[in-house]
Amino acid sequence: MPKRTSNSLKRTSLLKKISFLVFPPHCVICGKETNGENICKDCLSKIDFLEYPLIEHRGKFFFYAITNYEGISGEVVRKLKFFNLKSLSYDIAEIFADFIRENKIEADFVSYVPMTQKDRRKRGFNQSRLIAKNLSELLDIGFFEGIEKVRYTEKQVGLSRSKRIENMRNAFCAREKVPGDLIIVDDVYTTGATAHSVVKAFSRKSCFNIYFIAFSRKI
């Protein structure tokens with residue numbers, strides 16, 4: 001993984017300081033001025049972290065969600081996905097990193113839930129990929145891109161659990177062998193249809209542990 005040189009880090013830090021003087025950073029939730037963070041400490045303190053984040057454990061497969069989608073978490077996800085605030089992916093990745101360290105989850109790679117090319121072009125980016133990329137750097141582990149969404153699926157919103165499962169069946173394909181324990185990140189976990197479909201695709205190319213971790217859980 002390429003590393004920034006100390007000179008490039010210094011230049012980045014200087015540019016940030018200059019930009020902060022011209023455009024003081026503000027919390028994207030409440031609008032309060034911050035020291036560079038996208039989410040102020042007050043809003044962070046209001047995030048509803050789940051008391052029991054482990055949703056399911058099947059052998060080598062683990063499914064987690066970190067926060068409750070309602071409230072601040074849901075707003076953060078919506079700001080990232082629908083308001084093009086890509087920098088929020090770093091704030092979310094930091095919350096992921098803290099969660100992974102606190103729960104002593106050890107992995108060799110980070111990956112994400114892919115989108116079809118059509119959906120990615122429509123939104124302009126894949127929010128899960130942005131989070132995963134930042135997380136790999138924060139944890140200093142590999143970034144794994146060997147998966148794709150191989151068919152178009154209906155939007156999951158409004159579908160029953162059984163229809164969600166059928167909708168996501170065989171929607172993903174892992175192209176490469178996964179050479180170690182893997183973390184897969186996503187923004188929202190609802191019924192688990194997407195999570196199970198992605199993990200199943202990876203499991204065909206892996207004999208290691210797979211940890212699916214969503215930022216929030218929507219009940």
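Kindly identify the stretch 48-217 as rounded, prolate or oblate by the Cα gyration tensor criterion: order the square roots of the eigenvalues as a ≥ b ≥ c, call it rounded if a/c is under 1.5, otherwise compare a/b with b/c, prolate if a/b is larger, else oblate.
It comes out rounded by the Cα gyration axes.
How many nm separate the modelled label positions at residue 70 and residue 45, each set 7 Å beyond the Cα in the direction of the Cβ?
Calculated label separation equals 2.2 nm.
If the cut-off is 14 Å between C-alpha atoms, which aspartates and glutamates fall inside it for residue 118, apart from same-chain ones fewer than 8 positions away?
Of all the aspartates and glutamates, those that pass the test against residue 118 - Cα under 14 Å, at least 8 places apart if same chain - are 148, 154.
Which of 26, 196, 57 has the fewest other C-beta atoms within 10 Å, and how do the rest follow up to the most?
57, 26, 196
What is the sum of charges, Lys and Arg at +1 and Asp and Glu at -1, for the other residues whose Cβ falls under 13 Å from the Cβ of residue 107?
Taking every Cβ under 13 Å from that of residue 107, the sum is -1.
Say each of residue 123 and residue 208 gets a label point 7 Å from the Cα, pointing the same way as Cα to Cβ; how far apart are those two points in nm?
Each label point lies 7 Å from its Cα, and together they span 2.6 nm.
For the residues 143, 62, 202, what sequence is obtained by ranking on other C-beta atoms within 10 Å, fewest first?
Least crowded to most crowded, the residues run 143, 62, 202.
Any idea how far apart residue 56 and residue 104 come out in nm if each label point goes 7 Å out from Cα toward Cβ?
Label at residue 56, label at residue 104, 2.6 nm between them.
Would you list, by chain and number, the aspartates and glutamates whose Cα falls below 16 Å from the Cα of residue 79, excluding same-chain residues fewer than 8 positions away?
37, 70, 91, 186, 187
Within the set 46/81; 60/104; 133/205; 46/218; 133/177; 177/218, which residue pairs have Cα atoms separated by over 23 Å?
177/218
Determine, for 86, 79, 104, the number of other Cβ atoms within 10 Å of each Cβ, and report the residues in order from fewest to most.
The order, fewest Cβ neighbours first, is 104, 86, 79.
Readers should treat all values here as calculations from the given coordinates under stated rules, not as data from a laboratory. Treat the numbers as computed from the prediction; the structure is a model and nothing was measured. Note that each Cβ is placed from the backbone with ideal geometry, even for glycine, and that neighbours are counted across all protein chains shown.
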